[in-house]
Every structure is written in structure tokens, then in C-alpha cells.
Amino acid sequence: MNLCEPAEDFLAAAKNLLGPAGWRAGPEAAGYLTEPRGLYQGRAALVARPDSTQRTADLVRLCAQARVGIVPRGGGTGLVGGQVRPEGPTPILLSLERLGRTRAVSRADEAMTLEAGVTLAAAQAVAEGVDRLFPLSLASEGSCTVGGVLSTNAGGVQVLRYGNARDLCLGLEVVTAQGEIWDGLSPLRKNNTGYDLRHLLIGAEGTLGIVTAATLKLFPRPRAWATGFAALASPAAGLALLARAQEAGDGAVSAFELMPAFGLDLSLRFNPGTASPLAAPTPWMALVEISGARPEPVAEALEAAFGAAWEAGEISDAALAASEAQRQGLWRLRESLSEAQKLEGGGIKHDVSLPPRRIPEFLEQAAALIERLAPGARPCPFGHMGDGNLHYNVLPPSLAEKGPFLARWQEISEAVHDLVLSFGGSISAEHGIGRLKARELARTADPAKMAMIRRIKTAMDPLGILNPGVILPESP
């Protein structure tokens with residue numbers, strides 16, 4: 001069913017519903033209509049900023065009656081364009097930023113209930129306030145929000161030990177496309193009462209319902225970390241080191257990040273005052289972290305893993321953080337890599353996952369593929385090797401060649417994705433589908449899966465008002 005342009009009487013009713021502080025338009029709305037990669041410029045007749053779940057539901061009901069599209073927005077940090085709508089009938093942009101309350105925290109339940117607009121950093125602070133850990137951690141945690149990370153099923157650097165956002169959520173409060181409120185907030189670990197709607201809505205990117213609050217898991221806070229940086233003989237040696245670290249640490253490895261030499265060079269170049277922790281250049285490196293209750297066991301575990309890898313010829317050098325400042329310095333090299341690539345001029349990015357055992361072979365074949373397609377282009381694959389998630393980014397041969405290179409985004413991405421799929425991987429690991437990958441999903445996904453996705457969308461959002469064009473591509 002076709003969406004409509006917002007009429008003046010609709011906009012007047014929406015503004016009246018939201019109140020003077022509850023909406024933005026014109027120049028005040030501009031900051032809500034961009035996305036980090038600059039691939040899309042959003043449009044909105046109004047930026048709605050409701051301050052409660054009930055007001056959100058009332059607004060959705062108003063939009064449904066007028067058949068006006070809604071683009072939900074968390075912190076705006078998504079990398080696949082799911083938070084903007086560049087074309088088609090003008091939507092309402094629904095910002096959840098004013099839903100920022102902590103509703104409950106319970107150490108007995110090991111759970112906390114937060115509204116969707118709470119930032120991830122603030123969620124971590126709420127957990128820390130009761131001496132607990134909320135382990136989801138992303139580079140954008142100061143800006144991304146609870147609703148956004150759940151709607152995209154975000155991953156981050158500690159998936160290896162704690163899981164994705166989906167694994168950290170016990171319950172949801174959601175506004176449906178009809179303007180109903182589903183109160184599924186609960187700290188229960190076991191609840192087999194029919195379909196698990198929570199898992200249907202997590203990762204749906206706002207296309208099936210709007211997350212307004214969530215009950216999230218808490219964990220005991222680690223009291224100690226052992227963090228090291230190792231020079232790898234090869235990506236295959238990285239897999240061997242990961243296995244050694246898991247065995248020595250009794251499964252307590254919380255992060256295992258793979259970096260290439262090119263990535264380290266970029267991080268060092270764009271972070272004045274940093275230095276390589278290794279004595280000599282090396283083609284590949286791993287940042288490894290083990291956490292636990294006491295310093296001695298985790299330090300001994302990491303030292304044992306590095307020692308065994310050294311004797312086996314899997315690593316040629318290693319550095320262990322001797323202080324929190326050194327630990328943060330090692331993490332800075334990894335976490336600044338995305339920004340460093342942007343400062344280098346940017347490139348074509350891929351968020352993919354593979355069976356970890358196949359990553360070394362994939363990297364070899366992908367490098368050859370890129371060289372055939374775009375001689376001189378510079379791959380910069382890095383990421384969460386422990387859970388199989390690679391950010392396979394490719395920079396142009398030079399800044400002067402950036403324009404022609406980026407013009408081949410679709411061609412190069414399709415080739416990379418086809419290779420990923422041939423290895424039994426996924427074209428989206430932790431960033432979602434959004435607008436950027438909607439047609440690629442339709443091209444590559446199992447037809448039966450796409451048919452089920454369409455039927456679910458039609459059943460839950462028959463008017464198609466929720467985030468139109470995201471996950472399911474709109475007709476040209």
C-alpha cells in the first residue's frame with residue numbers, strides 16, 4: 001500500500017501531540033538527517049521527539065491513520081543507512097532520544113530495565129553503579145543507544161565471551177505498527193509462552209515495531225584484565241593462538257582482534273603520540289584480552305598462551321600491558337582504526353562473518369580477488385576474529401583515484417559478498433542490512449527466507465509505515 005505525503009493537518013496534530021519540546025523542523029532538524037558514511041541524505045517532514053512510550057504509540061497511531069512513513073532513530077551511528085530515508089514520500093523521523101530513563105536495576109535478578117534512548121555508555125554506567133557489568137561495547141558507545149543496538153543486534157568487541165546484543169536482552173517494550181504497546185519487559189531467563197517475539201523484533205531494524213525499553217542482563221564485573229599484542233606469523237597462526245588462549249584462560253577470552261600491518265600503520269599515523277608495541281613490522285597482529293576475578297590467573301593464562309605460541313613459531317613478538325594506561329593504549333590502536341581509514345580517504349566497506357576456521361583461506365582469496373578487480377587497491381581487513389566477524393574494507397590505490405574507485409562500490413561489494421557466501425559466511429555480521437544492503441540481501445538470500453520475511457512484514461506492518469526501504473528494498 002502506498003505511503004502518503006504528510007498533510008498540514010496531520011503535521012499540526014503531530015506537533016500538538018508532541019508538545020513544543022517534542023519536535024524539530026527546518027534547520028533544527030538537519031542534524032538528524034545524516035548518517036556517518038555520508039552515503040545518504042535523509043528527509044523528514046518533522047523530527048518527532050516523544051518523551052514517553054504512550055506518546056510514541058499515539059504518534060504511530062496518527063501516522064498509521066494518515067499512512068505516513070516513520071523512520072526510527074537511535075543515536076544515528078548506524079553504518080548501513082537505516083536511520084534515514086533519502087527518497088519516496090516524506091516520512092516522520094522518530095527520535096527516541098528523550099526516552100532516557102532507568103526504570104529498574106536488580107542485582108538479585110542480574111538485570112536492569114532501561115528506556116530506548118539511554119546511550120550504551122550510560123547503560124554501562126548504570127550497571128557499574130551496582131557493581132555489575134553490561135558487556136556490550138562498541139566504538140560508538142558514547143552515542144549509540146539501547147534501542148538502536150537492539151534493533152540492529154549490534155556486536156562489538158566482547159561477543160566472543162558474552163554474545164551479541166540479542167544474547168544480552170531478556171525482554172522488550174515495543175510500539176507496534178498499529179500504535180499498540182506490547183509490554184514484554186521481564187527479567188525471566190525461562191519463558192516458553194508461545195512465539196518469542198523478542199527475538200523477532202531484535203535485529204528487525206525498526207521495520208516490525210519500535211523498541212521503547214528493554215530489560216538487559218547484568219554480569220559480575222571482572223576485577224582484572226590481561227591484555228597483549230602479538231605479532232602473528234599468519235592469520236592461521238592467529239586461530240592457533242586463539243585456541244591456546246581459550247584453553248589457558250578456561251574460556252575467559254573476552255576479545256581477540258585481528259589487525260593487518262596496513263591497519264596498524266594507519267592507526268599510528270593518525271594518532272600522534274602512539275607507538276607500535278612490537279619491535280619489528282609484521283604482516284598480521286592480534287590484540288588479545290582475558291578477564292577474570294583476580295590478576296594473577298589471567299596474567300598467567302595469557303603469558304602461557306603467548307609462550308606456547310612462541311615455541312610453536314606462531315608468533316614472533318608480543319607485548320603485555322603492565323598498567324591500565326598501557327592497556328588503553330593497545331585498545332586505542334584497534335578502536336581508532338575505523339576513524340583512521342576515514343581520515344585516509346575512506347573506501348568500500350564490508351561487514352561480513354565467516355566460520356573462523358575459514359578466515360585464513362578467505363583472506364588469501366579475497367586479496368587476490370581485489371587485485372584482479374582493482375589493481376593497487378589496499379585491503380584493510382580487521383575485526384573480531386574470535387567470533388568470525390571481519391570488516392573487510394578496501395581503500396583506493398590513492399586519494400586521487402577515490403572517485404572512480406567508489407563508483408565501483410556495487411561491483412566490488414557483490415564480488416566480495418559472493419566470495420564470503422562461497423565460504424559459508426554472511427554478508428552482514430553486526431551492522432545490519434539497512435538501505436545499503438537491502439538489494440544485496442534480496443540478491444543473495446535463500447528465496448524461502450525472503451518470502452518469510454515479506455510475509456512477516458506484511459502481517460505486522462500491513463501499511464508498510466515502519467522504516468520503509470530498510471531490509472526489504474522498495475520498488476525502483
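The values are calculated or read from the model by the stated rules, or taken from the named source; none is laboratory data. Bear in mind the structure is a predicted one, so any value in this text is a computation, not a measurement. Cβ coordinates were reconstructed from backbone atoms using ideal geometry, including for glycine residues, and neighbour counts include every protein chain displayed. Quick note on the areas: whole protein, heavy atoms, side chains included, nothing else; ligands and nucleic acids left out. Shrake-Rupley method; radii C 1.70, N 1.55, O 1.52, S 1.80 Å.
Protein-only accessible surface at a 1.4 angstrom probe places the residues 23, 225, 310 in the order 310, 225, 23, largest first. A straight line joining the Cα centroids of segment 319-368 and segment 73-124 runs 27 Å. On segment 269-354, 55 percent of the accessible area sits on carbon and sulfur atoms, based on a 1.4 Å probe. Across segment 89-101, computed HN-Hα scalar couplings (Karplus, 6.51 cos²θ - 1.76 cosθ + 1.60, θ = phi - 60°) run x, 5, x, 8, 8, 9, 8, 9, 4, 8, 8, x, 9 Hz from first to last residue, x flagging Gly and Pro.
Once both axes come from the Cα atoms, what is the angle between helix 447-460 and the longest principal axis of the chain, in degrees from 0 to 90, rounded to 10? The two axes meet at around 40 degrees.
Diffusion of segment 44-167 by Stokes-Einstein, at 37 °C in a medium of 0.692 mPa s and with Rh set to the Kirkwood radius over alpha-carbon pairs, works out to 211 µm²/s. In order along segment 37-50, the Karplus-derived 3J(HN,Hα) couplings, from 6.51 cos²θ - 1.76 cosθ + 1.60 at θ = phi - 60°, round to 8, x, 7, 9, 10, x, 9, 7, 6, 6, 9, 8, 10, x Hz, and Gly and Pro are given as x.
Considering helices alone, the calculated mean residue ellipticity of the chain at 222 nm is -10500 deg cm²/dmol, with DSSP H runs of length four and up weighted by -39500 (n - 2.57) and normalised per residue. Start at zero, step by 10 Å, and the Cα-Cα distances of segment 381-476 spread as 13, 39, 31, 15, 3 percent across the bins. In the chain, the longest principal axis of the Cα atoms and the axis of helix 8-18 are about 60 degrees apart. The Rg/Rh ratio of segment 193-256, with Rg taken over Cα atoms and Rh as the Kirkwood radius over Cα pairs, comes to 1.18. Based on Cα contacts under 8 Å between residues 6+ apart, segment 13-75 shows a relative contact order of 34 percent.
Got a number for carbon plus sulfur as a percent of segment 98-246's accessible area, 1.4 Å probe? Roughly 51 percent, rounded to a whole number.
Electrostatic bookkeeping for residue 14 treats Lys and Arg as +1 and Asp and Glu as -1; over the other residues with beta carbon under 13 Å from its beta carbon, the sum is +2.
The spacing between segment 415-450 and segment 275-317, judged by their C-alpha centroids, is 34 Å. Give 342/457; 190/457; 190/349; 15/437; 217/457 a once-over and call out the pairs whose C-alpha atoms are over 31 Å from each other. As for pairs spanning more than 31 Å Cα to Cα, those are 342/457; 190/349; 15/437. Using only the alpha-carbon atoms of segment 1-80 as identical scatterers, what base-10 log of I(q)/I(0) does the Debye formula give at q = 0.13, 0.14, 0.25 Å⁻¹? Reported log10 I(q)/I(0), two decimals: -0.42, -0.49, -1.33. Rolling a 1.4 Å probe over the heavy atoms of the protein chains gives the chain an accessible area of 41 Å² per residue. The orientation-averaged projection of the convex hull spanning the C-alpha atoms of segment 297-423 amounts to 9.4 square nanometres.
Annotation for segment 372-392 versus segment 138-211: alpha-carbon center distance of 29 Å.
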